[in-house]
Amino acid sequence: MDFPLIRMRRTRRTEALRSLVRETRLEPGQLIYPLFLCPGEGVRREIGSMPGVSNLSVDEALKEAEEAARLGLGGLLLFGLPESKDEQGSGAWDDAGIVQTGLRALKAGAAAKKLVLIADVCLCEYTSHGHCGVVVESGDGYDVENDSSIEILGRTAASLAGAGADIVAPSDMMDGRVGLIREALDEAGHEQTPILSYASKFSSAFYGPFREAADSAPQFGDRRSYQMDGANVREAMREIEQDLAEGADMVLMKPAMPYLDVIRAARERFDVPMGAYQVSGEYSMLHAAFAKGWLEPERAMLESLVGIRRAGADFIVTYFAKDAARVL
């Protein structure tokens, strides 16, 4: 059968009809809002490359959590800027560290009953060199040593879970870290704490603004020896498969928009909860276009998020979370 018997426009005539047959839904509860916690009180320091995003002291973060809960967001993803850094990133597993302090404060508030609190597990914000693990000398000048790094990551995850994290999310891309984190959590009595693994995290130019936000740019070299090559989809599937075998409860794709094919491939292959991170560069380039009047902000924002959902993500980490929730 063909036109004129079949008219595809029949179900597009009104918003009510379009809503009735809509295949992909976007809801506030599917959105996770990142927060960057810093020392001090009354601190709300805007990040120049990320309009509308700020470094926040814990008291200001509590206000953000209350708003996020009112808007019906799914949760918060917490990053930390410590008072000081060292080569081992010891602030990451300090029980009095900035994220641990933030978690305890958030858990004491009413908003935490409506939000999932996710703690990023990595060392780049805490190391003086800005890499995601322990740096050792090598024939090439330096290397990020895998096995000693995952020991520290396990200790960090246990500390964050002890402070109240509902989910721990390793983003470092060291081999074997999920299995060791699972072991560390279980040994510390946190066997019910899920692991959201950044299983497919690519070495990307789109992380630039985040590194300003988290003060985490590498002081030398780059992260290509541990983050994935952007050309490799099959390798991404192997990474996900390995992390699930080691005990990951859910996985996260990062970045989102340049890697929608990876999200789709993973969705078709793995029947587990799956998220995607619309990273800082994606957010900032859209805002740059908004500022120039080149794109309609509300439509472009929602279209970008629906595209990520349509590719297969169950939930989305995005700096647009509050703005999108207000529209939705």
Treat the range 219-275 as a sphere of radius equal to its Kirkwood radius over Cα pairs and apply Stokes-Einstein at 10 °C in a medium of 1.306 mPa s; give the translational diffusion coefficient in µm²/s, rounded to a whole number.
-> 130 µm²/s
Cα-based Rg and Dmax for the range 142-209, in Å, come out at 12.7, 39
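Starting from the coordinates of the alpha-carbon atoms of the chain, obtain the Kirkwood hydrodynamic radius over all distinct pairs and give the value in Å to one decimal.
Every distinct Cα pair counted, the radius reaches 20.4 Å.
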For the range 113-229: Kirkwood Rh in Å [reciprocal of mean 1/r, alpha carbons] | 14.8 Å
Between 110, 256, 61, find the one with the highest GNM mean-square fluctuation for the chain; connect C-alpha pairs within less than 10 Å.
-> 110
Members of 85/201; 85/254; 85/292; 113/201; 85/113; 114/254 lying beyond 28 Å, as alpha-carbon distances in this model show | 85/292; 113/201; 85/113
Could the peptides 259-269, 126-136 be put in order, highest first, of the mean number of other beta-carbon atoms found within 10 Å of their residues?
-> 126-136, 259-269
Of the candidates 304, 245, 36, the farthest towards the positive dipole end of the chain (Lys/Arg Cβ +1, Asp/Glu Cβ -1, centred on the Cα centre) is 304
Please get the size of the charge dipole for the range 1-80, origin at its Cα centre, with Cβ charges of +1 on Lys and Arg and -1 on Asp and Glu, quoted in debye to the nearest 20.
-> 840 debye
Looking at the range 286-328, which chymotrypsin sites (Phe, Trp or Tyr not before Pro) are in a loop (DSSP not H, G, I, E or B) and have at most 11 other Cβ atoms within 10 Å?
-> 294
Under the Karplus curve 6.51 cos²θ - 1.76 cosθ + 1.60, θ = phi - 60°, whole-Hz ³J(HN,Hα) for the range 107-114, x wherever Gly or Pro sits = 5, 6, x, 5, 4, 5, 6, 9
Pairing the Cα long axis of helix 260-269 with the longest principal axis of the chain, what angle in degrees results, from 0 to 90 and rounded to the nearest 10?
-> 90 degrees
Relative to the longest principal axis of the chain, what angle (0 to 90°, nearest 10) does the C-alpha long axis of helix 177-187 take?
-> 70 degrees
The range 1-107: relative contact order in percent, alpha carbon pairs under 8 Å with at least 6 residues between | 27 percent
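Helix-only estimate, please: 222 nm mean residue ellipticity of the chain, summing -39500 (n - 2.57) across DSSP H runs of length 4 or more and dividing by its residues, to the nearest 500.
Values: 11 runs with 123 residues, N = 328.
That comes out to -11500 deg cm²/dmol.
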List the residues whose amide H sits under 5 Å from the amide H of residue 250, counting only those 5 or more places along or on another chain, with H placed 1.01 Å from N in the peptide plane.
-> 195, 197
Cα pair distances of the range 9-97 binned at 10 Å [whole percent] = 14, 31, 25, 14, 9, 5, 0
Taking the chain as the reference, fit the longest principal axis to its C-alpha atoms, fit the long axis of helix 234-246 to the helix C-alpha atoms, and give the angle between the two in degrees, 0 to 90, nearest 10.
-> 60 degrees
Viscosity 0.692 mPa s, temperature 37 °C: Stokes-Einstein D of the range 194-328 from its Kirkwood Cα radius, in µm² per second?
-> 210 µm²/s
Simple SL model, points at 7 angstrom along Cα→Cβ for residue 12 and residue 296; separation in nm is 1.5 nm
Theoretical gain in end-to-end length, residue 186 to residue 3 [0.36 nm per residue, Cα-Cα removed] | 59.7 nm
Karplus couplings for the range 17-23 from phi (6.51 cos²θ - 1.76 cosθ + 1.60, θ = phi - 60°), rounded to Hz, Gly and Pro as x?
-> 5, 4, 5, 4, 9, 5, 7
Using only alpha carbon pairs under 8 Å that are at least six residues apart, calculate the relative contact order of the chain and give it in whole percent.
-> 18 percent
In whole Å, what are the Cα extents of the range 257-328 along the three principal axes, biggest one first?
-> 40, 23, 17
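Read-outs: derived from the displayed coordinates by stated rules, not from any lab. Quick caveat: nothing in here was measured; it's all calculated off a predicted structure. Quick reminder, even Gly has a Cβ in these numbers, built from the backbone with ideal geometry, and neighbours come from all protein chains shown.
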